[in-house]
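Here the structure comes first, spelled out in structure tokens, and everything after it is commentary.
The values are calculated or read from the model by the stated rules, or taken from the named source; none is laboratory data. Everything numeric in this text was worked out from a predicted model, so none of it was measured. Cβ coordinates were reconstructed from backbone atoms using ideal geometry, including for glycine residues, and neighbour counts include every protein chain displayed. Side chains are part of the model used for accessible areas, which takes the heavy atoms of the whole protein and leaves out ligands, DNA and RNA. Shrake-Rupley method; radii C 1.70, N 1.55, O 1.52, S 1.80 Å.
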Amino acid sequence: MATDEDWTPPTSMAAAKARMRELIGEIQDIEAQLGDPGHPKHPLQSDDPDAFWDWRRGAKWARTRRLQDLRLVKDWIRDNRETRP
């Protein structure tokens, strides 16, 4: 997970907005997978419930990392927004 110290900021406002859109899409995709009982790792679809819990833990961690990155991108956008008179 990126922290304020090791996070590489975007090079432009356009890059920041593109990264924000990408992160939102990835977060939505992960959340959809977590809520899908038809997912191959779901206990209803798998003979190995441990595999589901391992997969779910990894998916939740991936979502957490992306949410942290999204927070940092939003902070960067707020801090670098042009102020209007």
*What are the residue pairs meeting all of these: first residue in the range 59-77, first residue under 14 Å from ALA16 (Cα atoms) and in a helix (DSSP H, G or I), second residue of a type in the set (Phe, Trp, Tyr) and open to solvent by 30 Å² or more (accessible area, probe 1.4 Å), Cβ atoms under 8 Å, and 6 or more apart or on different chains?*
ASP69/TRP7; LEU72/TRP7
_So, in the range 9-27, exactly how many residues are surrounded by fewer than 13 Cβ atoms within 10 Å (Cβ to Cβ) and assigned to a helix (DSSP H, G or I)?_
3
*Would you mind stating whether PRO85 is exposed (fewer than 15 other Cβ atoms within 10 Å of the Cβ) and either modelled with pLDDT under 95 or part of a loop (DSSP other than H, G, I, E, B) (or both)?*
yes
*How do the pairs read when you match residues in the range 7-25 that are closer than 16 Å to ASN80 by Cα with residues anywhere that are assigned to a helix (DSSP H, G or I) and of a type in the set (Lys, Arg), using Cβ under 7 Å and keeping only pairs 6 or more apart or on different chains?*
PRO10/ARG19; MET20/LYS74
